[in-house]
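Report on one structure; see the data block that follows.
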Amino acid sequence: MDSLMTREILNSSFDYVTYIRTTPEKLWEAITDNRFIRQYWFGAITQCEWKKGSSWRMLHPDGRLMDSGEILEIDPPRRIVIRWQNEWHPEFMAEGPSRCTIELVPMDSAVKLTITHEMERADSKFIAAISAAWPLTLSNLKSLLEAGEIAVTTHPGH
């Protein structure tokens with residue numbers, strides 16, 4: 001078995017692409033500013049300085065720690081890479097950290113937003129869970145930026 005095939009078997013990955021009618025700067029602000037994040041991410045709060053090497057934390061609306069990590073790469077308004085560790089679900093925590101890459105590419109009057117969330121672990125239950133969560137969150141982000149309001153107010157997984 002070649003090394004690429006071995007890596008694919010040992011990794012779990014979720015990819016999501018959407019196009020949002022906005023500018024890279026507005027989308028970047030929505031991804032990094034709590035005023036926006038709380039609106040489309042079901043009340044979640046992020047704590048981060050948005051610099052390479054800075055810690056990153058996401059809290060439930062009541063202040064409990066949901067996820068933590070570190071900014072591995074950042075290139076405003078094009079790319080963020082976060083080392084992401086789930087902190088609230090014991091089974092997900094035991095799997096260890098994942099890596100989330102967020103890429104923004106301008107296209108005409110829209111921005112192509114690509115999320116790649118991956119883990120060096122086959123059949124990750126965490127990656128399976130976020131595969132359902134990311135589409136809800138990103139649908140809300142898209143609706144907020146394009147229509148001024150979110151589409152889904154209740155997260156079924158929380």
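Please treat every number below as a calculation from the coordinates, not as lab data. Just so it is clear, the model here is predicted, and its values are computed rather than measured. All Cβ positions, glycine included, derive from the backbone under ideal geometry; neighbour counts span all protein chains shown.
Just a yes or no: is a residue in region 11-32 closer than 28 Å to residue 146 by Cα, surrounded by 18 or more Cβ atoms within 10 Å (Cβ to Cβ) and touching a His at 6+ places or on another chain (Cβ under 8 Å)? Yes: region 11-32 contains one or more residues that are closer than 28 Å to residue 146 by Cα, surrounded by 18 or more Cβ atoms within 10 Å (Cβ to Cβ) and touching a His at 6+ places or on another chain (Cβ under 8 Å). The single condition among (1) under 13 Å from the mean Cα position of the chain (by Cα); (2) within 24 Å of residue 124 (Cα to Cα) that residue 90 does not meet is (1). The residue pairs whose first member lies in region 15-42 and is assigned to a helix (DSSP H, G or I), whose second member is surrounded by fewer than 16 Cβ atoms within 10 Å (Cβ to Cβ), and whose beta carbons are closer than 6 Å, counting only pairs six or more residues apart or on different chains, are 24/106; 28/76; 32/50. Take the conditions surrounded by 15 or more Cβ atoms within 10 Å (Cβ to Cβ), of a type in the set (D, E, K, R) and either at negative phi or in contact with a Phe, Trp or Tyr (Cβ under 9 Å, 6 or more places away or on another chain) (or both) and apply them to residue 64. Does it pass? No. What residue, among those in region 70-96 that are farther than 21 Å from residue 135 by Cβ and among the aliphatic types (A, V, I, L, M), is surrounded by the fewest Cβ atoms within 10 Å (Cβ to Cβ)? In this case the residue turns out to be 94. Considering (1) crowded, with 16+ Cβ neighbours inside 10 Å; (2) under 25 Å from residue 121 (Cβ atoms); (3) of a type in the set (D, E, K, R); (4) over 13 Å from the mean Cα position of the chain (by Cα), the lone condition that residue 99 does not fulfil carries the number (4).
Looking at 137, 114, which one is of a type in the set (Ser, Thr, Tyr), surrounded by fewer than 17 Cβ atoms within 10 Å (Cβ to Cβ) and under 14 Å from residue 14 (Cβ atoms)? Going through 137, 114 in turn, just one is of a type in the set (Ser, Thr, Tyr), surrounded by fewer than 17 Cβ atoms within 10 Å (Cβ to Cβ) and under 14 Å from residue 14 (Cβ atoms): 114.
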